[in-house]
Each structure stands twice: as C-alpha cells, then as structure tokens.
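Taking it in order: structure first as structure tokens, then the write-up.
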Amino acid sequence: MDFTYCEFPSTVSIDTFKAYFNLTDVKLPKVGDKSVDTIQIPSEDQEGQTNQAKSLRHLVLDAIVENWSELPLYRQLGRREDRNYLLSHLDTQMPLQLLSAHIREDFFWQRCYGQRWRSASLQVRGRERPWINIYMERHVQEFIENMPTGDYEQEGNVQVVLDICAAYINQLDISFLQPAPPTTNANDHIPLDYLLSNLPDLRQLRLSYSTKTVGCNYQMGCNQLTVRDILHLTKGLSQCYELRKFCLHNTKLMPYQLRFLAHSLDKGCHHLTEMSLLHCAVGDAGIRCFLETCGKESFGTLTVLDLTNNKITEEGAYILSRTLRHVPLKKLVLRLNPIQSDGAAAIFNTLQVMPIKELDLGTCGITETITKLFMMLICQHTTLLEIDLSNNSLGEDFGKHLIKIIGCNKVLERLDLRNTGLSLDMRRKFQDFMIENVDRKKHEAFKQKQRDKFKAMMQL
C-alpha cells in the first residue's frame, strides 16, 4: 500500500499502524515527520526514501511551516493530511498567543507539553480534558510561582497572560510563591485578587503560600500569610463564582484570617463542594472564628471537608459538630488532630443525623473509652462506607466488642484499624466482613440490572 502522499492522523498510534501493516509491504511518506521518525524502517527502504525528492505538496507545506509566524494558515488547509503534517512540524516555541489563536488540536498541545516539560509525565487526564487547557494551566502555574513580587504589573505582564490563558483555566495548583525581597519591611507575596477574579471558569484551586527556594531573600516570616495577602486572596475568591474545590495547604492561618476566608467563600463560591485546609495550624480559635462567620444556610453544597493536621482539640471538635448538622457532608477528614475520645464522641453523635459516607479519624488520640458510642454508630448508621481509625490506642477489648456486632452492618466497605492494638487475625476477620459486604452489593446491583433489563424488554 502506498502512503507516500498521505500523513497519518495524529490519533493513530504507531503500534496500531504496525498491527495492521507490514513495514516491508508499504511505502511510507518521504518526509521526516512523526509517522516516519518513530517507525523503524528497513535500511534498504530508508536509503531509497532519502534519495527521493519531496513532492510539490510537501514543498508547499514546508514553506507554510517556515513562514507560519507571518502567515498562520491552518483552518484554510482543507485536507486532514495537510493539517496533520503542519501539526507535526510546526515549531512549538512560537508565541503562545499566536498558537492558541489558531490551533486547538489535542495532538499539537500534547506535543507542546511534552517538549516544554520533558521531565513531567504526560498525564492520563489529557484524555478527559483538552490538552490546550492542561498546557495553559501549567503555564499560568509557573508564571505565578516564579514571579518576584517586584515584577508584578497588573496592567502589564499579568494582563498579557490573562488575555491568552484565562479562557482555558479550569484547575490551578500553586505549590509555592516567591518571598518579598529582604529590602522591604513587609513579607507580602504577589496579590492574587486580580488573577483569580479574571478566571471565569476556575473550578479547582489548590494553593500554598509556602516558599521552596528562598535563596538570598530569606527573612523571618516569609512563609506566613500577611494581612495584605489574606485581603487580596479573599477578594479574589469572592469572585470565583464557579469554584467547586478549594484547598489551602501548608500555610499558617490566624483566627482573624479565617473570618475573611469564610466570608469570601460563603459570599462568592455558591457551588463549592470540597474544602480542604491542610497543615494550616487553624486551632480551636480558628474553627470558632470560621464557623461564627457562617450562617445556617452557608455551604449548602459542601460534601467534602478535610481539616488534616490543624491542632484541633476536643473543644474544636465539639464546636465543629454543632455546625455540621446543617451541612450535607459525605466525607469528613480530621486526621492528625488531637481531638481525643471526647471530641470523637461529639463527632459520632452528629454523624447519626448526617448522610456521611467517609470518615477519617486517624491519629486523633482516641482510646477505648469510645467503644460504646462507636458500636452504636456501626449498628445504626446506614450510609457510612469507609471508616479510618488507624493509629489510635483502641486495644483488644475494643476489637472483641466490635467483632460481636460487625455483622449487623451490611453497608460498610472499608474499616482501617491498623496500629490500634488489635491483633492481625482480628483485623483479618474484619476485612472478611468488608469483602462480604462488597460482594453482596455487587450481586444485588447485578440482579437489579437484570430486573431493569427484563422490564425494558417486556415494555417493548
């Protein structure tokens, strides 16, 4: 078969081509594009092809590629083969504004991503979302993380990046920010209000004000969130109307800052479903300030709350339990907080009236005094699917009581009791109960599917 004047579509992998065609029985394109470079051609065929002159079509396409910055032709090329050739040869280092204005093809932006960030893995999520979005998000992330505070120009470099990338940003992960130079009195970071308020389709934001590469700019407090920082952040968040997931991590938060944060999230993020404050040293005072700012109607769409490692004690757990009744949570994480057994008891009492599915109280200083309340939770709760009580001092007696009533629960699918003082044999017995529940649910789901299928056939 003659492929001399054809370009392979970017969606066809080389392995697929090899599965259907024998390289010795086909003529490949004469040019050194993706379809030829990545296939091992027999030496005699390769020598013959290198001596062949390019076709007029390829000469014209090469001229278009060389002059593309002055005359960007892409949609004007009617044939799919011509476009594939252009995408395989076009320089990925051209101005981003020029490329994004004319090209949307996934193959090209995946190629740009791979060439710019060679050490980064080509993420599987590229199959779920357009690669141009993934590229732009990584570009904006690097722009924010590497910008010195003195180079921030709202009407200059910031506006230029927003004009090019804002329409493609759905997720943003800022893992660090540059500190202020030591010559300044304040430790303020770059303001994020203008950036966040001009990302209309932002749905996920993961942010940290920590600093990874301080260098000569180190000074006390450069990793802390200042008054100016929290004001700019909350102003931007109050205009993120499409935000679904918000995570602030490794950033110490003062109680007054949590008031601003709660007000902005409640005011602007009406579709928020997941909120995570990880390793932020919130404390009981911070929890109180955050919840005092909220009303009964606040966070009516929140389903996931993660407060890992925030120095919350039993007092904070009690304050939290009184408010959670009004929130439709499906997942609650209080891991690495010393809430003790009293705090866990307050949480267990609240869970009885909540449709929660996942609970994580690992490493919370819980002891065997919680046994009775936990047994009641296991017997009465009908929606809990996963419970994590690992790294708590529960003891063998806790396990003996639990083994007697665990059979009453037909819903639970995962129970983590590692490092709780229970023997390995007892933990295996609990694991067997979980496997039985999962298998039973699968069987019931299969039977229901068969019944629905039969009803549909009867209606026909």
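Every number in this text was worked out from the coordinates using simple rules, so none of it is lab data. Bear in mind that the values here come from a model prediction, so they are computed numbers and not experimental data.
For this structure, a couple of remarks:
- Size of segment 369-414: Rg and Dmax of its alpha carbons, in Å, are 10.3, 26.
- Radius ratio Rg over Rh of segment 371-460, counting only Cα atoms, Kirkwood formula for Rh: 1.16
- Set of aspartates and glutamates near K235 by C-alpha distance (under 13 Å), chain-local residues within fewer than 8 positions excluded: D193, D266
- Share of pairwise Cα separations in segment 136-459, more than 29 Å, in percent: 48
- Helix-only CD estimate at 222 nm, as mean residue ellipticity for the chain, using -39500 (n - 2.57) per DSSP H run (n ≥ 4): -13500 deg cm²/dmol
- In the chain, Cα pairs under 8 Å separated by at least six residues give a relative contact order of 6 percent.
- Structure note, pairs K330/K429; K245/K330; K357/K441; K410/K442; K18/K54; K372/K404: Cα-Cα distances above 18 angstrom occur for K330/K429; K18/K54.
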